[in-house]
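> One structure, as C-alpha cells, below. Some questions next.
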Amino acid sequence: MLMIKLGPDICGEFETASSREWLETNGIGGYASSSISGANTRRYHGLLVAATRPPLGRMVLLSKFEETVIIDDKRFDISANQYPGAIYPTGYKFLKDFRLDPFPRWTFEIDGVEIEKSVFMVYGENSVVCRWKTVGSEISNLKSEIEIRPLLAFRDFHHLRYEDSAFAHDYQVEENLVSISPDPEMPTLYFAHNAVAIERHAKWYHRFEYAIEQERGFDFSEDLFQPFRMRFDLSAEAVVIVSTEAQDAVFAPVFEKAEIRRRSNLVKTAGALDDLTASLVLAADQFIVKRGTGKTVIAGYHWFSDWGRDTMIALPGLTLSTGLPDVAKSILAEFSKHISDGMIPNRFPDAGETPEYNTVDATLWYFEAIRAYLEATDDYDLIRKTLYEKLVDIIDWHVRGTRYQIHVDTDGLLFAGEPGVQLTWMDAKVGDWVVTPRIGKPVEIQALWYNALCIMTHLAERFDDRQNQSEFSKMAQIASDSFNGQFWNADEECLFDVINGDEKDGSIRPNQIFAVSLRHSMLEPKRARSVVQKVDTELLTPVGLRSLSPTDAAYARVYIGSPLERDGSYHQGTVWGWLIGPFVEAYLKVHPNDAPVKARAAEIIDGFATHLSHAAVGQISEIFDADPPHLPRGCIAQAWSVAELLRISKLSREFANHE
C-alpha cells in the first residue's frame, strides 16, 4: 500500500513540521487530527473529536496526550506545544520521520533508541487507537517506560475551553479501563489500556496557543485539563484506545488489521493504477459518512458539515470513480428525502436538524449527479421508481418559482437572487455584506439548467413520458437560444459572468467553464474553444483555477488576514482546486484526438502529487493563494478537490485510450 514519508528536514523544524497536518476519520463524522510536530495549531485539532449526532455534533473530547519516554530513569518529552513566547516541550527534535502508512506513524530517535507511535480510528465508532513501541534491539538491556498524560477539552469543536471549577475531576478505574465524565451533557470518555499504573494527577494546563487560529483572526488560547497519568512498560507495546464506548486494549491489533484490510480493499475496488490515484482513493474515503440509514459527504475538514452543493459535485469522483455505486445510490436517495419546494438542502447545520435551502445550484448539480450515476450503472429502475416524479416536480417548481426569486424568466433562462442572500457557489458573506451577490442570471446556473433539462428530456423519453419529453425539449431549446444571444462577450471572446436585465458583468471568472464542461453544452465549438482559451490564459494555475482574473481591479493576491479580509478575497482571485476538474474536461472536449493535449492534461493532474506532502498529508486542500507560490489555505481536506481529481484522472485515461 502507498506510503508518504517526511524526513528529518521537515520533521525536525517546528514551523515546518507544524505546517503539515494529519487526519484520521471514522466514517460517521468524527476525526482525529493535529500537526506532525505534535503541537495543536487549530481549535479543531484533537485526538478524539467525536460525532455525537452522526455526522454532526462534533465535540473535542480529548485534545491530545503529553508523552514522556523514560530510559534508565532519564526523561525525554516527545510532545510539543506552543505557549506564549515559548515552545514546550520540544519533542519534535527527536522526530526522525513521519509516515502515512496507511495511517499516521511517527518514529522518534532518542540516544540511539527508536520508538514508533501510530494513530488510527476505528471505522464506524468514536474510537481512536494509539500505540507506542520500540523498534530494533538497542533497548533490550535498558529499562524503558512511557508516561502518557491525557489533556481533556470536552467542548464543541468550534469553541475553546478555559479553566472551569464545574469541570468534574473524578474518574473511575476498572481493570485496564478508565472512564471520566466531566460534563453530563457530553459522552463518557473511556481509556482502554495496558498500562502498569494509573496515577491521579489533576491539573489544569493554561494558555495553549493555536497559531492558525491567531493567523485567521480568531481567539487562539485555551486551557486543558489533565485528570491522571498512565505509565507503560515499553518492553512490550503500549496501547490506549480512547472511545465513547467501553473497549478492551487487547483488540487493538485486531482493529488495526481490519482497518488496513478495509483501506486495501478500497484501493483494489477502485482499480487504482498509480500512487496518486491510490492516495486519492484513500483521501476520498474520509469524506463519505453515515447520515441516518444512508450516506452523505462531509464537505471539508475540519469545520464543514454535509452540504448539498458539495455533495452533488463530489459524488461522481468520490463514489463512481472509486467503484462504489451503491454509496452513490444511498446518497442520492438520502437527499431525495429532504427535497422541499423543488430544492435539495444547501446545508445541514451543526446545531439542529432543520436543513437550510439557500442555494440555486445544489439542486441542479443533483441532476448531473444522477446523470453520472446512470452512465456508470444503467440503473434506470432507481430513477423510475423513486426519483423521476420528484425530478419532474423540481422542474415545475423552478418554472413557477420557488425560494429567493428562483424562477424561469420569459426568455427561458433561470433567474435567482435577492439582496442579502448568496445563492451560487461563490457564497462569501460577512455580516450583511454579500461579497459576490451575482443576482440575476449567473452563467454556470444557465449551463446547469440547460444540462438538467436535457437530462430530463432523456429520462422522459426513456420512461415513455411523451408530454414532458416534448416540454423539456422545448424549454432546453429556448434556453439555448437565449443564452447564445445574450451571454457572448464579443470584446473578450468569452462569456459574461452574470446578466441582470441590461447589466452584464464582464468579470473574467471560472464559472463560464461549465458551459463547456457539462455533458450537455449550449455553445458551438468555436465559442467553446475560445472560452477554454480565456480560462487557460487568465485563470489556470498548477493547483486549480483562479476565481477572478489578475487583470481585474478587485483581484486579491493572497488569502490571509482577518475573517473580513479572508471572506473578501474568497472568490476574488483565490484558487480553487476542484475547478481543475471542469477545466481539464472542457480542455479535452475542445481538443479531441490531440496527443499534446492529452499529455498536458496528464501533466496538470500529476502536478497535484506534490501537494499530497503539504498541508494535510495525503489530502487536497480547499483553496490556494492566487499568486505563486500558491500556498494552501482554507480547509486542509476538501471533498470536491479530491473528487474532481479522481473523476478527471479517470476521464483523462479514458480519453487517452480512445482510438
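The values are calculated or read from the model by the stated rules, or taken from the named source; none is laboratory data. It should be emphasised that the depicted structure is a prediction, and the values quoted were computed from it without experimental measurement. Cβ sites come from the backbone with ideal geometry, for glycine too, and all protein chains shown count toward neighbours. Please note that ligands, DNA and RNA were not included when accessible areas were found on the heavy atoms of the full protein model with its side chains. Shrake-Rupley method; radii C 1.70, N 1.55, O 1.52, S 1.80 Å.
> Between I508 and residues 5 or more places away or on another chain, which pairs have amide H atoms under 5 Å apart, with H built 1.01 Å from N, and which residues are they?
It is S549, by chain and number.
> I've got another one for you. What translational D, rounded to a whole number of µm²/s, comes out for segment 1-62 from Stokes-Einstein when the hydrodynamic radius is the Kirkwood one over Cα pairs, at 10 °C and 1.306 mPa s?
Taking Rh from Cα pairs, D becomes 126 µm²/s.
> Hey, another quick one. Would you kindly state how much longer the chain becomes between H407 and T537 on full extension, computed as 0.36 nm times their sequence separation minus their alpha carbon distance, in nm to one decimal?
Full-extension gain reported as 43.4 nm.
> Let me ask something else. In whole angstrom, how long is each semi-axis of the equivalent ellipsoid of segment 511-550, when you take the square root of 5 times every eigenvalue of its Cα gyration tensor and sort them from largest down?
19, 11, 8
> When every alpha-carbon pair in segment 247-404 is counted, what percent end up more than 26 Å apart?
For segment 247-404, the fraction of Cα-Cα distances above 26 Å is 34 percent.
> Can you divide the C-alpha Rg of segment 317-361 by 2.2 N^0.38 Å and report the result to two decimal places?
The value comes to 1.33.
> What number, in percent, do you get for the relative contact order of segment 328-371 if the mean sequence gap of Cα pairs under 8 Å and at least 6 apart is divided by its residue count?
Numbers: 35 pairs, mean separation 12.9, N = 44.
Once divided by the residue count of segment 328-371, the mean separation gives 29 percent.
> How far is helix 275-285 tilted, in degrees, relative to the longest principal axis of the Cα atoms in the chain, given as a value from 0 to 90 rounded to the nearest 10?
Between the helix axis and the principal axis of the chain, the angle is about 90 degrees.
> Just how many % of Cα pairs in segment 381-516 lie over 20 Å apart, if you round to the nearest whole percent?
49
> Once phi is turned into ³J(HN,Hα) by the Karplus curve 6.51 cos²θ - 1.76 cosθ + 1.60 with θ = phi - 60°, what whole-Hz value does each residue of segment 490-502 show in order, with x for glycine and proline?
5, 5, 9, 6, 7, 9, 5, 7, 9, 10, 9, x, 7
> Kindly report the accessible area of segment 582-659 per residue (heavy atoms of protein chains, probe 1.4 Å, no ligands, DNA or RNA), in Å².
Each residue of segment 582-659 exposes 37 Å² on average to a 1.4 Å probe.
> Hey, can you grab everything whose amide H is under 5 Å from the amide H of N489? Only 5+ residues off in sequence or another chain; H modelled, so Pro and N-termini drop out.
C494, L495, F496
> Next question. For segment 366-374, in order, what is each residue's ³J(HN,Hα) by Karplus, 6.51 cos²θ - 1.76 cosθ + 1.60 with θ = phi - 60°, in whole Hz (x at glycine and Pro)?
Karplus values, whole Hz, x for Gly and Pro: 4, 4, 5, 5, 5, 4, 5, 4, 5.
> Between segment 303-357 and segment 499-566, what is the C-alpha centre distance in whole Å?
If you average the Cα positions of each part, the centres end up 26 Å apart.
> Of the heavy-atom accessible surface of the chain (probe 1.4 angstrom), what whole percent is carbon and sulfur?
49
> In whole Å and largest first, what semi-axes does the C-alpha gyration tensor of segment 81-194 yield when each eigenvalue is scaled by 5 and square-rooted? Don't jump to the answer; show the numbers that get you there.
Details: eigenvalues 176, 73, 51 Å².
Semi-axes (√(5λ), whole Å): 30, 19, 16.
> Now for a separate question. Could you work out how far helix 639-657 tilts from the main Cα principal axis of the chain, as a 0 to 90 degree angle to the nearest 10?
Compared with the principal axis, the helix lies near 60 degrees.
> Quote the relative contact order of segment 249-377 in percent (integer), defining contacts as alpha-carbon pairs under 8 Å separated by 6+ residues.
Values: 148 pairs, mean separation 27.6, N = 129.
Taking the mean separation of contacting Cα pairs over the length of segment 249-377, I get 21 percent.
> Whole Å is fine, so just give me how far the alpha carbon centre of segment 33-66 lies from that of segment 148-181.
13
> Could you go through segment 15-26 in sequence order and give the Karplus-derived ³J(HN,Hα) for each residue, using 6.51 cos²θ - 1.76 cosθ + 1.60 with θ = phi - 60°, rounded to whole Hz, and x for Gly and Pro?
The phi angles translate into 5, 5, 5, 6, 7, 9, 10, 10, 9, 10, 10, 10 Hz.
> Any idea what diffusion coefficient the chain gets from Stokes-Einstein, in µm²/s, Kirkwood Rh on alpha carbon pairs, 10 °C, 1.306 mPa s?
61
> Relative contact order for the chain: what is it in percent, counting Cα pairs under 8 Å that are at least 6 residues apart?
On the way: 1449 pairs, mean separation 72.3, N = 659.
Once normalised by length, the contact order is 11 percent.
> Expressed as an acute angle from 0 to 90° and rounded to the nearest 10, what is the orientation of the C-alpha long axis of helix 466-486 relative to the principal long axis of the chain?
Its long axis makes an angle of about 90 degrees.
> Quote the Stokes-Einstein diffusion coefficient, in whole µm² s⁻¹, for segment 510-644, based on the Kirkwood radius over alpha carbon pairs, a temperature of 10 °C and a viscosity of 1.306 mPa s.
On the way: Rh = 15.3 Å.
Answer, rounded: 104 µm²/s.
> Keeping every protein chain present and rolling a 1.4 Å probe, give me the accessible area per residue for segment 537-579 in Å².
With all protein chains present, segment 537-579 gives 35 Å² per residue.
> What whole-number value in cubic angstrom gives the convex hull volume per residue for the C-alpha atoms of segment 318-461?
Roughly 124 Å³ of hull volume per residue.
> Taking the mean number of other Cβ atoms within 10 Å as a proxy for protection, how do you rank 148-155, 594-601 from highest to lowest?
148-155, 594-601
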